[in-house]
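What follows is a single structure, written as structure tokens, with notes after it.
The values are calculated or read from the model by the stated rules, or taken from the named source; none is laboratory data. What you see is a predicted model; the values in this text were computed from it and never measured. Positions of Cβ are generated from backbone atoms using ideal geometry, with glycine treated the same way; all protein chains shown enter the neighbour counts.
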């Protein structure tokens, strides 16, 4: 009875803590005594505009309060808002805020706004609080009536000059559209777009000083000649009425008078000079270009200068996207700088341009080499725990890597990595009261990778390849040994050949030939498991993986709202099907197709952010299952955080929860997971940001093949409500800028293995531990320690 009371108090405590995040309070510090001070200021938008536009304007107008009327609150502990040193209220300062807000609204195309201001003063204890409110009626917004371009780059006819033709060529992509809202920002963005387009077509010296937008707000009826003053007054009144009812302006893009004549010249690339082994980052480009004590080597329009030759021409030429005789292109200019730097052989790459003759540009490429060879040693510690006081898994690993950044003077990267790790059982006994060894797992691995800064393939003159970015060819080989005490020993050898490339924000990776060889030695503990679960035998077999792996990902922001970002990833892996269609000589090759997709969405607010993630993956196979190292699992610090690592599922099966063997790892062919996380800042200590989050994880892992001995582990649409798992929790995040430490606490709101109330917990049935039908005790919560955000 006493124990039950304690559990109920714990339940009340948990619900009370959660409610604190839903209700906040305001605290005022250092306020003026005996004087009214600014306690609150609000802006209300009135007008026939969309909810998103109204929300945007309201959020932006907060920044346009005059400092003397701005009540700035700081958030602490997620629930307390502090107002420190509020200004003394003076109603005369409201006019300045109206001026600032009016100027901002004008820039957004709202020229017919009206303001209604009010304030009231309340006395709360010794505080004299002033609350100011501004209601803004937006009126009619300005729309664009017509758009025209008159970019004549010569004082003589013909009218259709080169610059005018380029401008009209891009006119369909104009940001200025008829009948769309007029704002200063959209006009400025259109001018920037045009300048960028000119820079891509040889106009090297063209700038904002050479172009402007003429905004015509006149009504042409003003030009009507009349001597009748009453008729003239009527015309003016009619024009003013029309502007208010349906204000629309004409926009013309024009070259500015008194312009620099060179700005309207197209420039071509002349010669390219590379300085490939500069000693340090502090150099004077002009003095280096004048030095004569360099060795040199020429290739067409390119000349390489060096003291000790450290690179051949090929990687330089392949990653230089400007060629002699071609029009200057600013996009290719920056692409050249970025790609030469991303090769990895140089720690600094700068390019200086110099005009030669009237229309020729020479390029001087200054390069500071990265240290050719280096090594790193680091230590990893991981903890997966179901209790704050005792955990079930502690991992320690040491990693050593050696890197050579310039093999064979071709900027080829070579990386050798050695890893040694162990996992310890902190709990002496498993849930089935089976004694576990202290040392659970030992692993050692060795790998070597070559990264070539180009796509090595037979089609060398395919134009599409030249449009790709960050091109690499990769060859890797690795071997590992894993000893899972009392269960199995796994030896593996993996080698593959593949490519990586990107185009804009689309990134691709292709392992054209992926070969993985596995040798599994089963130990007595696993042999015992095979007797109760024969399905496991298919997952722990010697075998080969021979196939391809393709992945694609893309990150982008919403076009109309940069605070919203999206991430998409799609992956495909195949083994056996292709090679076995050509030959039957390859034995023990796993045959499967694995498809997965992931989507992430992040919405940022002033201090908080909302992050969501959806993942789905499935492995399709024949009679033989996928190997265990290719299957899905859930739980741990980055997935279904209310469960320990590999401790969720399969489906609503109770086999793993009630086993007496001590082996409770779960792997499946199909996985669905959705995560929702609201992140917010608590404060900072010594420059270190302290944050928190409220989150929910929803998902599970299943098999897709019917298993007669465990039907609840198989995915069925009709059982999705029963099988789905839900965890909720909160956490603490310590952000050191260069890395983030995260501690999350999560509770199993719905556990598919909980047989009461369809798996849901309720306030009346709240408990920290559940007892299965065989007497096994299962924790309903977990603490997770992680590095970095979960997604």
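Overview of values
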{"read-out": "Top-ranked residue in the stretch 78-102 [being exposed (fewer than 15 other Cβ atoms within 10 Å of the Cβ) and assigned to a loop (DSSP other than H, G, I, E, B); ranked as modelled with the highest pLDDT]", "value": "90"}
{"read-out": "Hits in the stretch 314-336 - residues which are out of contact with any helix residue (DSSP H, G or I) (no Cβ under 8 Å at 6 or more places or on another chain), crowded, with 16+ Cβ neighbours inside 10 Å and part of a helix (DSSP H, G or I)", "value": "315, 318, 332, 333, 335, 336"}
{"read-out": "Some residue of the stretch 665-685 being within 30 Å of residue 74 (Cα to Cα), free of Cβ contacts under 8 Å to residues at least 40 places away in the same chain and in the same structural domain as residue 611 (by TED's automatic domain parsing)", "value": "yes"}
{"read-out": "Failed item in (1) surrounded by 17 or more Cβ atoms within 10 Å (Cβ to Cβ); (2) over 24 Å from residue 407 (Cα atoms), with residue 358 passing the rest", "value": "(1)"}
{"read-out": "Selection count, the stretch 339-363, where residues are part of a helix (DSSP H, G or I) and free of Cβ contacts under 8 Å to residues at least 24 places away in the same chain", "value": "1"}
{"read-out": "The stretch 21-46: number of residues that are surrounded by fewer than 16 Cβ atoms within 10 Å (Cβ to Cβ) and either within 35 Å of the chain's Cα centre (by Cα) or more than 27 Å from residue 679 (Cβ to Cβ) (or both)", "value": "14"}
{"read-out": "Residue in the stretch 106-119 that is out of contact with any helix residue (DSSP H, G or I) (no Cβ under 6 Å at 6 or more places or on another chain), farther than 30 Å from residue 186 by Cα and either modelled with pLDDT of 85 or more or outside any helix (DSSP H, G or I) (or both) present", "value": "yes"}
{"read-out": "Any hit, the stretch 461-469, residues being under 30 Å from residue 744 (Cβ atoms) and modelled with pLDDT under 75", "value": "no"}
{"read-out": "Strands (runs of 3 or more DSSP E) fully within the stretch 740-791 counting 2 or more residues that are over 35 Å from the mean Cα position of the chain (by Cα)", "value": "769-771, 777-779"}
{"read-out": "Boolean, residue 574 is surrounded by 17 or more Cβ atoms within 10 Å (Cβ to Cβ), part of a strand (DSSP E or B), at pLDDT 95 or above and assigned by TED's automatic domain parsing to the domain that holds residue 513", "value": "no"}
{"read-out": "The stretch 608-646, residues that are over 23 Å from residue 787 (Cβ atoms), in a loop (DSSP other than H, G, I, E, B) and either under 25 Å from the mean Cα position of the chain (by Cα) or not assigned by TED's automatic domain parsing to the domain that holds residue 692 (or both)", "value": "none"}
{"read-out": "Condition broken by residue 162, with the remaining ones in (1) farther than 23 Å from residue 56 by Cβ; (2) loosely packed, with under 12 Cβ neighbours inside 10 Å; (3) modelled with pLDDT under 90 satisfied", "value": "(2)"}
